[in-house]
Amino acid sequence: MKYFRKILRYAIPYKRYAWLNIVSNIFYALFGTLAFVSLMPMLKVLFDNSEKITVAPTYQGIADLGDYFEDYMNYFITQKIESSGELNALLIMIGLVIGTFLLKNLFGYLAMFFITFLRNGVLKDLRNDLYEKTIKLPVAFYSEKRKGDTIARISTDVLEIQHSFLSILELIIREPLMILFTIIAMMALSVELTIFVFVFIPVSGIVISVIGKSLKKHSDKVQQEQGFFLSILEETLGGLKIIKGFNAEKIFNEKFRQSTTRFFKFSNALLNRQNLASPVSEFLGIVVIAILLWYGGSMVLVEKTLAPEAFIVYMGLAYNILTPAKAISKASYNVKKGNAAAERVLEILETESTIKDAPNAIEKESFTSGISIQNISFAYEEEEVLKQFSLEVPKGSTVALVGQSGSGKSTIANLLTRFYDVNDGAISIDGVDVKNISQKSLRSLMGLVTQDSILFNDSVKGNLRVAKEDATDDEIIAALKIANAWEFVENLPEGINTNIGDSGNKLSGGQKQRLSIARAVLKNPPIMILDEATSALDTESERLVQDALEKMMQNRTSLVIAHRLSTIQNADKIVVLFKGEIVEQGRHEELLAKKGTYYSLVEMQSLA
């Protein structure tokens, strides 16, 4: 139950609904029991089997509760028959039955009404916390996990918690109270018969618990497989052009079919065990009822120690125990299923982020002198990417990083923004280690333009406001003009309010990249990081984007990671990397004159 307790803390803000539910359930259980007990005076009138008592009985204590209840009922019936006649007395008794059943159902509805707010409130808060944690976790977390698995945890696993864990909140009070009140009524009718019945109930419980033991294991497999095929779906939608372009539909169809086949097998195993709970518990309940009929029947027919109408009501009460007992046994299965879902959800919620603000982290609001990278080393798991790398980037300068793929260029940008942390060495801004600056204020100093234009399914305005939430339309248009993007945005059907589609797919590559630059311009940060911002563009788009970048980099400190060397000829310093180490650095003309690694890279691109 440890996972259940952790999930239950989300119910605290909605505790008033829990209390209202508890009160409603108390009355539901009370009137649910009285509904059956109220049949007894009606049956006594119907069978003309009531003893005529004209003086109200006195209560002698709990030991004589049954006799007191019987005498008071006979007294009540006697009074009604004498004052209204037998037929009218019967109508009053029928009205009593209808009234108790009506009150039972009214309080049952109110209990469900109040618990709905609690269940859906917990669901909302749990999803919100999961999404917030998803954003807070470092980029490295998602290089190891499948995105589809995270989506499955936020969607289907949270729903499973609602259907399993939170459904038992309805049962915690209502069903045990129903059983308790019913047992009290049964004891009042016949102590001997009740003791006999409860000899057989533990046997039923043992049988039911044996069936439920394997449910969590099977539920775990179902949820893991669901995360896997959602990952395949997410990858398929992201790479649809490649799948179609390489005629790879068969490969992905087969991969998806294999996953859904496994899901089919695991789900069958889980549901077959789960579905066994209800018939087994019902059958065991009927066995108890059958034994009860035999033993109680002998008390009515042979021993004459129990009145027929009392036995009929007793049978109704015994069946009244069966329904909540079944609900409780079903809830125990649901808890086992919910355990697996809660474990997966809590795994994300309780994952400690490896990138944290230091306890005394400062809020840095300005950039005054420069960036210093001192003897840093970094490895992705076992693979070393940077070795004792050092670099100074003075304020107002443009430094370009070049080299072959895998030389560590993009890693430097990831470390500077603290998407990852260095293994050794330090990166500092104005002499302050980035680990001692809060992540929010560190990133507020930086603008980022990546090779892949990351845009959202929103309007042009919505995409740019990611950088500055309260930006005015005039500010947005000014940023678009600097980025050479206004020329196409103003011709869109609704201008800056035009939706650009999923990942900006309604736009060309150059247009998307210019929107990314406009977003960085709107933020207006003192430090700009350009990660191969022109590598995927055609010549015309590259010219426009390069012009936009040059405008944007004016009076800013820029770190440019370049694939196309033609875009960095005016950089103040060009740093050439090879396998995580600096092999050359200097201005464009100086490096060409050396005829070293940089010269070779330029020659290769010129030939290309």
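What to note about this one:
- Criterion (among the hydroxyl-bearing types (Ser, Thr, Tyr), modelled with pLDDT of 85 or more and out of contact with any Gly (no Cβ under 6 Å at 6 or more places or on another chain)) met by exactly one of 516, 503, 535: 516
- Of the residues making up the range 29-41, one or more are surrounded by 15 or more Cβ atoms within 10 Å (Cβ to Cβ) and at pLDDT below 70.
- Within the set 118, 65, 90, the sole residue that is under 30 Å from residue 153 (Cβ atoms), of a type in the set (A, V, I, L, M), at pLDDT below 90 and surrounded by 15 or more Cβ atoms within 10 Å (Cβ to Cβ) turns out to be 118.
- Scanning the range 398-415 for residues being over 22 Å from residue 587 (Cβ atoms) and either in contact with a Lys or Arg (Cβ under 7 Å, 6 or more places away or on another chain) or in a strand (DSSP E or B) (or both) gives a total of 0.
- Residue satisfying all of: in the range 492-518; among the hydroxyl-bearing types (Ser, Thr, Tyr) and surrounded by fewer than 23 Cβ atoms within 10 Å (Cβ to Cβ); nearest to residue 549 (Cα to Cα) among these: 508
- For the range 416-440, filtered to residues that are assigned to a helix (DSSP H, G or I) and either at pLDDT below 90 or of a type in the set (A, V, I, L, M, F, W, C) (or both), the residue that is farthest from residue 513 (Cα to Cα) is 434.
- Qualifying position, being more than 22 Å from residue 413 (Cα to Cα) and of a type in the set (Val, Ile, Thr), among 466, 521, 460: 460
- Any hit, the range 96-104, residues being modelled with pLDDT under 85 and of a type outside the set (Lys, Arg): yes
- Considering residues of the range 336-364 that are over 30 Å from residue 273 (Cβ atoms) and without any contact (Cβ under 8 Å) to a residue 60 or more places away in the chain only, the residue surrounded by the most Cβ atoms within 10 Å (Cβ to Cβ): 356
- Positions within the range 304-323 being crowded, with 21+ Cβ neighbours inside 10 Å and not in a helix (DSSP H, G or I), in sequence order: 307
- Candidate set from the range 479-488 (those that are under 21 Å from residue 448 (Cα atoms), of a type in the set (A, V, I, L, M, F, W, C) and without any contact (Cβ under 8 Å) to a residue 40 or more places away in the chain); member that is surrounded by the most Cβ atoms within 10 Å (Cβ to Cβ): 480
- The range 365-383: number of residues that are under 23 Å from residue 557 (Cα atoms), surrounded by fewer than 14 Cβ atoms within 10 Å (Cβ to Cβ) and touching a Ser or Thr at 6+ places or on another chain (Cβ under 9 Å): 2
- Checking 441, 459 one by one, the residue that is surrounded by fewer than 16 Cβ atoms within 10 Å (Cβ to Cβ) and either in contact (Cβ under 8 Å) with a residue 40 or more places away in the chain or more than 24 Å from residue 576 (Cβ to Cβ) (or both) is 441 and no other.
- Pairs, first over 28 Å from residue 323 (Cβ atoms) in the range 261-280, second surrounded by 14 or more Cβ atoms within 10 Å (Cβ to Cβ) and among the aromatic types (Phe, Trp, Tyr), C-beta under 8 Å, six or more apart: 263/229
- Scanning the range 331-352 turns up no residue that is over 28 Å from residue 156 (Cβ atoms), in a helix (DSSP H, G or I) and at pLDDT 85 or above.
Quick grid of which residues meet (1) among the basic types (Lys, Arg); (2) more than 11 Å from residue 464 (Cβ to Cβ):
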site: 508; (1), (2): no, yes
site: 511; (1), (2): no, yes
site: 514; (1), (2): yes, yes
site: 518; (1), (2): no, no
site: 522; (1), (2): no, no
site: 525; (1), (2): no, yes
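- Residue within the range 119-126 that is within 24 Å of residue 23 (Cβ to Cβ), assigned to a helix (DSSP H, G or I) and touching an Asp or Glu at 6+ places or on another chain (Cβ under 6 Å) present: no
- Condition met for residue 434 (buried (at least 18 other Cβ atoms within 10 Å of the Cβ) and within 35 Å of the chain's Cα centre (by Cα)): yes
The values are calculated or read from the model by the stated rules, or taken from the named source; none is laboratory data. This one's a predicted model, so the numbers in the text were calculated from it and none came from an experiment. Cβ atoms come from the backbone with ideal geometry, glycine included; neighbour counts cover every protein chain shown.
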